[in-house]
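The values are calculated or read from the model by the stated rules, or taken from the named source; none is laboratory data. The structure displayed is predicted, hence computed values, not measured ones. Virtual Cβ from ideal backbone geometry, glycine too; neighbours counted across all protein chains shown. Heavy atoms of the whole protein, side chains included, go into the accessibility calculation; ligands, DNA and RNA do not. Shrake-Rupley method; radii C 1.70, N 1.55, O 1.52, S 1.80 Å.
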Amino acid sequence: MANDTIIVINCGSSSLKFALYSATNMLCLASGLAERLGSSEAQLSFKANNTKVSIELGQCDHHSAIVRVIENLKSSGLLNKPPIGVGHRVVHGGESFSDSILIDEQVINKIKQCSALAPLHNPANLLGIKLMIECYPSATQVAVFDTAFHQTLKATSYLYPIPYELYQQHGVRRYGFHGTSHKFVAEQAAESLNKPLEDCHFITAHLGNGCSVTAIKNGQSVDTSMGLTPLEGLMMGTRSGDIDPGLFEFLISIGMTSKAINHMLNKESGLKGLSGETNDMRTLFELADKGNERANIAINVFCFKLAKYIAAMSASLPSIDALIFTGGIGENASKIRELTLERLSILGFELNNSLNNSHGKNTQGRITNNESTLALVIPTNEELVIARDTLANIKH
Ligand code: ADP
């Protein structure tokens, strides 16, 4: 396997995230992101050999972006022969996939069928699959689903209390997302506790631009905050999370179209909507420090909703071995962890300020006092999980 590599692809509607891994030791050799694809201002950021460069791509679609990524990997001396595998992040696997899988015609058709449930994501994921098969027809292509880890949810958690026929006929149910991340940090936590994952009960909080919380009982996802789509649950960067379903009728009565409502709830709500400024937590803290009241409100609503959801997740567990914070906000924003845990003393959480302030990106560890229910910060690594799953499918 010397010099054998695996490419990880996360293809979005206007972006393409990639990473190149060594199949020998699972080290990340290169990574990057092509953004604003489809426009005339496409850009590629490319990190390899400890150097990060930004490249203007001009008018560029997904296909040309992949070609440029491969060119750069080759000229960096990291891709001297075709990769042995390509791992694809696929957002929605519906009820068809409870694990990663080798991609064939049948799998492609099932991912297509799930597109109705994730119209913004699955078609883009499929485009990435098609383009990489064209570039590397001999490589093993593997799909890794955001929804797969949550296929163990019980009906009590996944059913909406609406007419059952909607579930039977149209698959209207809660699916859950960010599964790759929740699973990864749970595995890391079990390892750090020196316990088999099957014996562990965790609550995992993935807090990035998208945010979700999961209850993990005996190593399996039993409840999670995202639902049919990644819009349900926590307040997020630009997504509202839970709202009163009656809001739809009201907004339509004041003249909004369903398309405009959908856009507002996905792109103009959450931290951005409440603050009226930004979805970036760092900027919100800077604004709040300068006395910006709406930034302050946005931060506090975010933490209140998060604490409420963490408490709700405890209803699915016999006990809590650890609460785990991850994602850009979960890993870096110590103040968010503090404001959240101070509302959760009822679950036995007692923050250790000095430990809380000493953890950041790339450092993992405990943030609570010895006698407290345990809370941990664990950096996530979804690309690594996709690379590992791809390798596992190759070896199978
Ligand atoms: P994505 O879901 O797009 O992968 P990330 O996991 O990178 O997002 O998380 C992005 C969020 O993390 C943003 O709100 C960003 O402001 C926040 N974040 C990143 N670094 C910090 C930091 N040092 N302090 C506070 N928030 C941070």
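Listing for the model above:
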read-out	value
In order through the stretch 91-96: 3J(HN,Hα) via Karplus (6.51 cos²θ - 1.76 cosθ + 1.60), integer Hz, x for Gly, Pro	6, 10, x, x, 9, 7
Carbon/sulfur fraction of accessible area - the chain, other protein chains in place, 1.4 Å, %	51 percent
Long-range HN-HN contacts of Thr380 with modeled amide H, under 5 Å	Gly327
Where GluC sites (Glu not before Pro) fall in DSSP loop in the stretch 298-396, at most 15 other Cβ within 10 Å	Glu342, Glu350, Glu371
Net dipole in debye of the stretch 226-330 [+1 Lys, Arg Cβ; -1 Asp, Glu Cβ; about Cα centre; nearest 20]	120 debye
Relative contact order of the chain, defined on C-alpha pairs under 8 angstrom at six or more residues apart (%)	14 percent
Unit charges at the beta carbon, dipole of the chain: most positive-side option, Gly246, Ser275, Ser225	Ser275
The stretch 295-302 - phi-based ³J(HN,Hα) in whole Hz, Karplus 6.51/-1.76/1.60, Gly and Pro as x	5, 4, 4, 4, 4, 6, 5, 4
Difference of contour (0.36 nm per residue) and Cα-Cα distance, Glu191 to Ser54	45.6 nm
Proximal aspartates and glutamates to Lys217, defined as alpha-carbon separation beneath 15 angstrom and excluding residues fewer than eight positions away on the same chain	Glu187, Glu198, Asp199, Asp321
Heavy-atom accessible area per residue - the chain, 1.4 Å, Å²	46 Å²
Cα gyration tensor shape of the stretch 38-93, rounded if a/c is under 1.5, else prolate or oblate by comparing a/b with b/c	oblate
Beta bridges per DSSP with both ends in the chain, % antiparallel, nearest 5	70 percent
Pair Ser45, Cys28: separation of 7 Å Cα→Cβ label points (nm)	1.2 nm
5 angstrom amide H check on Thr140, placed H, neighbours 5+ away	Gly85, Val86
For the stretch 122-132, 3J(HN,Hα) per residue [Karplus equation, 6.51 cos²θ - 1.76 cosθ + 1.60, θ = phi - 60°, Hz, x = Gly/Pro]	4, x, 5, 4, 5, 4, x, 5, 4, 5, 6
The stretch 168-229 versus the stretch 236-295: alpha-carbon centroid distance in Å	25 Å
Full-extension gain in nm, Arg343 to Glu277, via 0.36 nm per residue minus C-alpha separation	21.1 nm
Electrostatic dipole magnitude of the stretch 61-200 [Cβ: Lys, Arg +1; Asp, Glu -1; Cα centre; debye, to 20]	220 debye
Nearest-20 debye value, the stretch 171-303 charge dipole, Cβ charges on Lys, Arg, Asp, Glu	260 debye
Helix-only CD estimate at 222 nm, as mean residue ellipticity for the chain, using -39500 (n - 2.57) per DSSP H run (n ≥ 4)	-11000 deg cm²/dmol
Anisotropy class of the chain from Cα gyration tensor, a/c 1.5 cut	rounded
Under 5 Å, built H, 5+ apart or other chain: amide partners of Gly233	Asp242
Cα-based Lys pair tally, the stretch 286-396, threshold under 30 Å, eight or more apart or on separate chains	9
Potential extension, Lys81-Gln106 segment - 0.36 nm per residue separation minus Cα distance	6.2 nm
Choice from Asn122, Asn194, Asn262 with maximal GNM fluctuation in the chain (Cα, 10 Å cutoff)	Asn194
Positive-end extreme of charge dipole, the stretch 282-379 - chosen from Phe349, His359, Asn370 (charges on Cβ)	His359
Model label zone, Lys259; criterion: amide N under 20 Å from point 7 Å along Cα-to-beta-carbon; scope the stretch 107-124	116-124
